[in-house]
Amino acid sequence: MKVTEHIENANGKSLFSFEILPPLKGQNIQSIFDSIDPLMEFNPPFIDVTYHREEYEYKELPNGLLQKKIVKKRPGTVGICAAIQNKYEVDAIPHILCGGFSKEDTENFLIDMDFLGIENVVALRGDAVKSETYFKPERDGNQYASELVTQISNLNKGIYLDEDLQNSSCTDFCIGVAGYPEKHMEAPSMDSDIHFLKQKIKNGATYIITQMFFDNKKYFDFVSKCRKEGILVPIIPGLKPIASKKQLNLIPHRFKVDLPDELIMEVVRANSPEAIKQIGIEWCINQSKELKQAGIPVLHYYSMGKAENIKTIAKAVF
C-alpha cells in the first residue's frame with residue numbers, strides 16, 4: 001500500500017513509522033530483525049531502509065604508492081526491503097539516490113523494486129563522497145533529486161530509457177522526497193529551498209519526510225511556508241532523540257540543524273550517559289505529543305538501528 005493510502009486510511013490518526021540502516025558488511029539480517037522486533041507492537045504501516053553509496057579508501061601498497069579502492073560498507077537495501085515485507089507484512093520503503101547511480105542503474109533498481117511488490121520509494125540526491133567537497137553525479141546520472149523524481153514518474157507512465165521498447169508496463173511508485181525545516185545546507189535561502197522542493201512535487205513526488213529538528217516551531221513554520229507556496233502533499237516530521245553529549249556538536253556539524261538552548265544546557269548538566277539518554281527521550285516525547293495533538297499524519301523516527309529509546313518514546317506517545 002502507498003504511504004498516501006496509509007495516511008488516508010488512518011482517518012486523522014497519527015501513525016508511527018521509523019527508518020533503519022542496513023547493517024555493516026559482514027553482519028547478518030538478524031541484526032535488522034533485532035532492531036525492528038521491539039517496535040512492531042506500535043503497528044508501523046511502513047519502514048524506511050536507507051541506501052548507502054560507495055566510499056573511497058586509499059590502501060598503501062608495498063612500494064609506497066596509494067591504491068584507490070571503492071568500498072560499500074552498508075550493502076543490502078534491496079534484500080532488507082524484501083525480508084521486511086516477507087517477515088512482517090508491512091511496506092518497506094527503500095531510499096534511492098542520485099549519487100552512485102547512472103540512469104540505467106536507477107531504472108534497473110526500480111524494476112527490481114517493482115518485481116518485489118514494493119510500492120514506495122524515497123528519492124534523494126544523496127551526499128558527496130567523503131573525498132569530495134561537492135556532490136558529483138555519475139556519468140549519465142541524475143544530478144538533482146527533482147531529476148530522479150522525473151525518472152521515477154516516467155517509469156510510472158511506462159516511459160523507459162530505451163525508447164524502442166514496445167508495450168512496456170507502467171510501474172506505480174508512490175514517491176517521497178526530503179524537506180528541510182531549517183533549509184538544505186547548500187541552499188542559499190529558505191525561499192529557494194522551498195522553490196526546488198515545489199519542483200520535486202510538480203515532477204511527481206506525493207509526500208515529504210523532513211530532516212530531523214528539535215524545535216517544533218521550525219517544523220510548523222516550514223509547513224506553513226510550504227502551504228503558502230501551494231505544496232499540499234503530506235509533510236511527515238522526522239524525529240530523533242539525542243543520545244549522547246557528542247551529538248551536541250555532531251548533529252549541527254553533520255546535518256546543519258540547530259539545537260534549542262534549553263536542550264543543550266540539560267545535556268551539558270547531565271552527570272551520566274544514562275541521564276543524557278533520558279533527557280533526549282523526554283524531549284522527543286514532548287515533541288511527539290505536540291505534533292500528534294496537532295493532527296500530524298505520521299511521526300517518523302530515525303532509529304539508527306537502536307530500538308530501545310524509540311520504543312520508550314512510542315510507548316509514551318502511541
Checklist entry - Would a scan of the range 128-137 turn up a residue that is surrounded by 13 or more Cβ atoms within 10 Å (Cβ to Cβ), of a type outside the set (Lys, Arg) and at pLDDT 95 or above? => result no
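Where in the range 227-318 are the helices (runs of 4 or more DSSP H), entirely inside, with at least 1 residues that are closer than 27 Å to residue 175 by Cα and open to solvent by less than 80 Å² (accessible area, probe 1.4 Å)? First the steps, then the outcome.
Numbers: elements: 247-255, 261-269, 273-293, 308-317.
By residue number, 247-255, 273-293, 308-317.
Could you tell me which of the residues 15, 61 is closer than 17 Å to residue 119 by Cβ, in contact with a strand residue (DSSP E or B) (Cβ under 6 Å, 6 or more places away or on another chain), open to solvent by 20 Å² or more (accessible area, probe 1.4 Å) and among the hydrophobic types (A, V, I, L, M, F, W, C)? If you could, list the steps in order and put the result at the bottom.
Values: 61 fails: closer than 17 Å to residue 119 by Cβ.
Being closer than 17 Å to residue 119 by Cβ, in contact with a strand residue (DSSP E or B) (Cβ under 6 Å, 6 or more places away or on another chain), open to solvent by 20 Å² or more (accessible area, probe 1.4 Å) and among the hydrophobic types (A, V, I, L, M, F, W, C) holds for just one of 15, 61, which is 15.
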Next on the checklist: Step by step: first the residues of the range 92-125, then only those that are in contact with a Phe, Trp or Tyr (Cβ under 7 Å, 6 or more places away or on another chain) and open to solvent by 20 Å² or more (accessible area, probe 1.4 Å), then the one that is nearest to residue 169 (Cα to Cα). Which residue is that?
Outcome noted: 119
Checklist entry - Before we move on, is residue 87 basic (Lys, Arg), surrounded by fewer than 20 Cβ atoms within 10 Å (Cβ to Cβ) and over 18 Å from the mean Cα position of the chain (by Cα)? => result yes
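If I ask for residues that are out of contact with any Ser or Thr (no Cβ under 6 Å at 6 or more places or on another chain) and modelled with pLDDT of 95 or more, which ones from the range 47-78 would you list? Give the derivation first.
We begin by selecting, within the range 47-78, every residue out of contact with any Ser or Thr (no Cβ under 6 Å at 6 or more places or on another chain); these are 47-48, 50, 52-55, 57-78.
Of everything in the range 47-78, those that are out of contact with any Ser or Thr (no Cβ under 6 Å at 6 or more places or on another chain) and modelled with pLDDT of 95 or more turn out to be 47, 48.
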Next on the checklist: For the range 173-196: of the residues being in contact with a strand residue (DSSP E or B) (Cβ under 6 Å, 6 or more places away or on another chain) and outside any strand (DSSP E or B), which is surrounded by the most Cβ atoms within 10 Å (Cβ to Cβ)?
Outcome noted: 181
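The values are calculated or read from the model by the stated rules, or taken from the named source; none is laboratory data. Quantities reported herein were computed from a predicted structural model and do not represent experimental measurements. Backbone-built Cβ (ideal geometry, glycine too); neighbour counts: all protein chains shown. Areas reflect the complete protein model, heavy atoms only, side chains present, ligands, DNA and RNA absent. Shrake-Rupley method; radii C 1.70, N 1.55, O 1.52, S 1.80 Å.
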